[in-house]
Amino acid sequence: MNLALKDIRHGLFRFVLTCFGLGLLMTVVLAMIGIYNGLVSDALAVVKAPAADVWVVEAGTKGPFAEASSIPADTRDAVARMPGVAEAGAVNYQNVEAAHTGQTLRL
């Protein structure tokens, strides 16, 4: 411990600069963790809000949240008639950008 204190006294500027750099590093790491958790939470909220057990989408598409998927109404009726299905409905998600007061809003 005594040797560490002597080293700090000898190179005080280097010690302070190292502490500052480590503080910035920890701040960046905590910010990245917070941003990641926020993105995951937001994405899961969109998926969990309808409380659907199964999504039926058009073949060859990436799902209802990534790109447009269109299935005929008779397909929805066929899914509703399957054993064990209590309810079937249609959902339409659209990503639209509109200008409002000089800013672009994502709707």
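Points worth noting:
- Test: residue in segment 78-86 that is closer than 19 Å to LEU44 by Cα and either at pLDDT below 80 or in a loop (DSSP other than H, G, I, E, B) (or both): no
- Failed criterion for GLY21 (all others in (1) in a helix (DSSP H, G or I); (2) of a type outside the set (A, V, I, L, M); (3) closer than 30 Å to ALA90 by Cα hold): (3)
- Filter result for GLY63 (open to solvent by 80 Å² or more (accessible area, probe 1.4 Å) and at positive phi): no
- From the list VAL46, VAL40, the one residue that fits, being surrounded by 10 or more Cβ atoms within 10 Å (Cβ to Cβ), of a type in the set (A, V, I, L, M) and touching a residue at least 12 places away in the same chain (Cβ under 8 Å), is VAL46.
- Selection from segment 66-77 of residues that are surrounded by 12 or more Cβ atoms within 10 Å (Cβ to Cβ) and modelled with pLDDT of 80 or more: ILE71, THR75, ARG76
- For GLU58, the criteria (1) open to solvent by less than 80 Å² (accessible area, probe 1.4 Å); (2) of a type in the set (Asp, Glu); (3) within 21 Å of the chain's Cα centre (by Cα) hold in every case but one, which is (3).
- If you filter segment 92-107 down to residues that are at pLDDT 80 or above and part of a loop (DSSP other than H, G, I, E, B), you find that the one that is most open to solvent (accessible area, probe 1.4 Å) is THR101.
- Restricting attention to segment 80-89, the residues that are in contact (Cβ under 8 Å) with a residue 12 or more places away in the chain and exposed (fewer than 10 other Cβ atoms within 10 Å of the Cβ) total 1.
The values are calculated or read from the model by the stated rules, or taken from the named source; none is laboratory data. Remember, it's a predicted structure, so these values are computed and weren't measured experimentally. Don't worry about glycine lacking a Cβ; one is built from the backbone with ideal geometry, like all the others, and counts go over all protein chains shown. Accessible surface is based on the protein model in full, side chains and every heavy atom, while ligands, DNA and RNA are left aside. Shrake-Rupley method; radii C 1.70, N 1.55, O 1.52, S 1.80 Å.
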